[in-house]
Ligand code: ADP
């Protein structure tokens with residue numbers, strides 16, 4: 001038997017997942033690691049933890065499956081995006097912990113830079129992104145400016161930058177490959193979507209020497225060979241994509257108009273917009289969906305901060321449920337006349353509002369409101385926010401034709417049914433909801449020749465359940481208008 005090993009390096013844990021040559025998910029090993037919050041708004045990971053949990057998970061999955069490392073024909077890597085590492089190219093030692101995508105330490109810097117409208121426009125037009133601390137650019141700059149000696153070393157060509165994929169490939173290949181793929185590159189704030197190369201002007205603006213930057217490869221490509229010392233076999237790394245792009249690929253959303261929405265802690269809606277980058281007028285991000293044979297396919301992306309996290313708040317904050325899954329039965333029992341709206345702006349609002357100062361609120365409480373109604377309002381808020389993103393995409397001229405869902409929350413039938421109701425569109429839940437790992441398994445399998453083309457992959461995707469809308473347009477509009485009114489009341493600008 002031959003296997004594909006998918007490494008999924010996430011924000012809170014690393015996982016190794018073994019797939020068969022037919023794309024069946026066989027075994028999973030997982031290890032969590034520590035989060036560090038050294039100051040308000042700062043989030044860091046120890047690079048050693050990232051590396052060690054990946055190696056442990058890979059070794060464990062090989063053990064659990066009872067195979068030899070030689071049985072693994074190809075490796076794929078998907079990862080938390082934007083998280084920034086800088087290391088010494090001679091010693092391999094990171095000069096600073098990994099600065100995680102959630103980290104807001106460069107917020108003031110971004111605020112200042114945003115006064116330069118020409119720069120804001122350049123960033124939007126060339127990278128498809130917003131000038132925000134979320135992306136890697138200002139994080140690299142922060143390291144160079146704040147770590148003793150880093151600037152001098154960088155100027156001498158002694159430091160390398162990488163997102164997590166690049167760091168892992170560098171370590172896995174015994175320091176031989178300093179590379180990334182186009183999807184990860186497109187989250188750095190430094191990658192020009194049109195030329196598909198690092199943007200010289202932006203490297204200059206952020207004072208980042210080009211010698212630090214990895215080579216940008218396709219998403220299915222030759223990223224290097226895993227050194228024999230690591231798992232006991234030399235195996236090529238042949239598929240790489242950032243986590244959300246990998247999920248889009250795993251959902252086989254290969255045609256323009258196909259979209260996937262991942263409901264984990266947050267929610268990420270990503271729509272395939274085809275061969276040309278579509279710039280948003282509604283604060284959505286334009287990004288590389290995947291790049292094959294040198295040809296990029298683009299996507300529009302919108303993110304919501306609080307999806308599953310709203311359910312966590314019902315559980316841990318309000319303590320009105322003891323397990324996330326309980327929310328389903330209780331929401332079903334809510335009063336049919338319930339008009340409570342919960343706006344979960346606990347950490348501000350994401351796309352399409354981007355209001356970091358907004359805070360959460362509940363509206364429409366009456367004497368009849370009980371915990372079931374509050375739970376229902378919490379679950380509905382996730383669906384309304386998806387509708388906001390759907391609307392924004394439509395206004396940008398890109399209407400999603402298909403929506404495929406994944407992530408922990410998509411197992412909640414009540415949420416998926418209401419999602420379909422409020423969107424007025426079918427919602428497809430696939431058989432395999434581990435779409436992120438599946439996406440890079442597909443990419444690696446394509447490059448290694450196990451799969452012949454995208455059509456073969458599309459044929460392997462299968463639906464577990466389709467949710468169809470039950471509300472009339474008038475009912476849908478009334479429900480949604482109530483949400484828009486509630487959001488308006490929490491917005492600060
Ligand atoms: P992540 O990858 O972001 O950690 P997961 O995809 O594992 O997230 O999904 C976990 C999230 O989904 C949690 O926030 C949890 O509250 C929520 N969740 C899981 N199962 C359910 C369910 N049956 N109903 C509602 N929410 C759920």
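A few points about this structure:
- Of all residues in the range 393-405 being farther than 17 Å from residue 463 by Cα and under 19 Å from the mean Cα position of the chain (by Cα), the one that is farthest from the ligand (Cβ to nearest atom): 393
- Residue match in the range 316-329 (condition: touching a helix residue (DSSP H, G or I) at 6+ places or on another chain (Cβ under 7 Å) and buried (at least 23 other Cβ atoms within 10 Å of the Cβ)): yes
- Residue in the range 362-383 that is part of a strand (DSSP E or B) and either touching a residue at least 24 places away in the same chain (Cβ under 8 Å) or within 16 Å of the ligand (Cβ to nearest atom) (or both) present: yes
- Test: residue 262 is touching a residue at least 60 places away in the same chain (Cβ under 8 Å) and either within 30 Å of residue 194 (Cα to Cα) or within 20 Å of the chain's Cα centre (by Cα) (or both): yes
- Each residue in the range 174-206 was checked for being surrounded by fewer than 19 Cβ atoms within 10 Å (Cβ to Cβ) and closer than 23 Å to residue 243 by Cβ, and 1 pass.
- Selection count, the range 136-180, where residues are assigned to a loop (DSSP other than H, G, I, E, B) and under 23 Å from the mean Cα position of the chain (by Cα): 2
- Only residues that are farther than 14 Å from residue 184 by Cβ, part of a strand (DSSP E or B) and without any contact (Cβ under 8 Å) to a residue 60 or more places away in the chain were counted in the range 214-253, giving 2.
- Whichever residue in the range 116-135 is farther than 19 Å from residue 355 by Cβ and surrounded by fewer than 17 Cβ atoms within 10 Å (Cβ to Cβ) and, among such residues, is nearest to the chain's Cα centre (by Cα): 125
- When 403, 443 are checked against the criterion of being surrounded by 17 or more Cβ atoms within 10 Å (Cβ to Cβ) and part of a helix (DSSP H, G or I), a single residue qualifies: 443.
- Put simply, of 310, 262, 286 the only residue that is in contact with a helix residue (DSSP H, G or I) (Cβ under 9 Å, 6 or more places away or on another chain) and surrounded by fewer than 24 Cβ atoms within 10 Å (Cβ to Cβ) is 286.
- Which numbered condition residue 123 fails, given (1) in a loop (DSSP other than H, G, I, E, B); (2) over 29 Å from residue 19 (Cβ atoms): (1)
- Candidates 407, 424 - the one that is out of contact with any strand residue (DSSP E or B) (no Cβ under 9 Å at 6 or more places or on another chain), under 30 Å from residue 276 (Cβ atoms) and modelled with pLDDT under 95: 424
- Enumeration of residues in the range 406-424 that are in a loop (DSSP other than H, G, I, E, B) and within 12 Å of the ligand (Cβ to nearest atom): 407, 412
- Test result for residue 377, crowded, with 20+ Cβ neighbours inside 10 Å, at pLDDT below 95 and in the same structural domain as residue 284 (by TED's automatic domain parsing): no
- Candidates 246, 220, filtered to the one that is within 21 Å of residue 80 (Cα to Cα), surrounded by 23 or more Cβ atoms within 10 Å (Cβ to Cβ) and away from the ligand (no atom under 16 Å from the Cβ): 220
- Any pair with Cβ under 6 angstrom, 6 or more apart, that starts in the range 403-414 at a residue that is within 16 Å of residue 250 (Cα to Cα) and ends at one that is in a helix (DSSP H, G or I) and near the ligand (Cβ under 9 Å from one of its atoms): 408/308
- Selection status of residue 29, assigned by TED's automatic domain parsing to the domain that holds residue 95, farther than 16 Å from residue 79 by Cβ and touching a helix residue (DSSP H, G or I) at 6+ places or on another chain (Cβ under 7 Å): yes
- Matching entry among 128, 162 (being in contact (Cβ under 8 Å) with a residue 60 or more places away in the chain, in contact with a strand residue (DSSP E or B) (Cβ under 9 Å, 6 or more places away or on another chain) and at positive phi): 128
- Restricted to the range 254-351, the set of strands (runs of 3 or more DSSP E) holding at least 1 residues that are in contact with a strand residue (DSSP E or B) (Cβ under 7 Å, 6 or more places away or on another chain) and within 16 Å of the ligand (Cβ to nearest atom) comprises 258-263, 267-274, 295-304, 341-343.
- When residues of the range 352-366 are limited to those that are more than 29 Å from residue 129 (Cα to Cα) and out of contact with any strand residue (DSSP E or B) (no Cβ under 9 Å at 6 or more places or on another chain), the one surrounded by the most Cβ atoms within 10 Å (Cβ to Cβ): 365
The values are calculated or read from the model by the stated rules, or taken from the named source; none is laboratory data. Just so it is clear, the structure is predicted and the values come from calculations on it, not from any experiment. Note: ideal-geometry Cβ built from the backbone for every residue, glycine included; neighbour counts use all protein chains shown.
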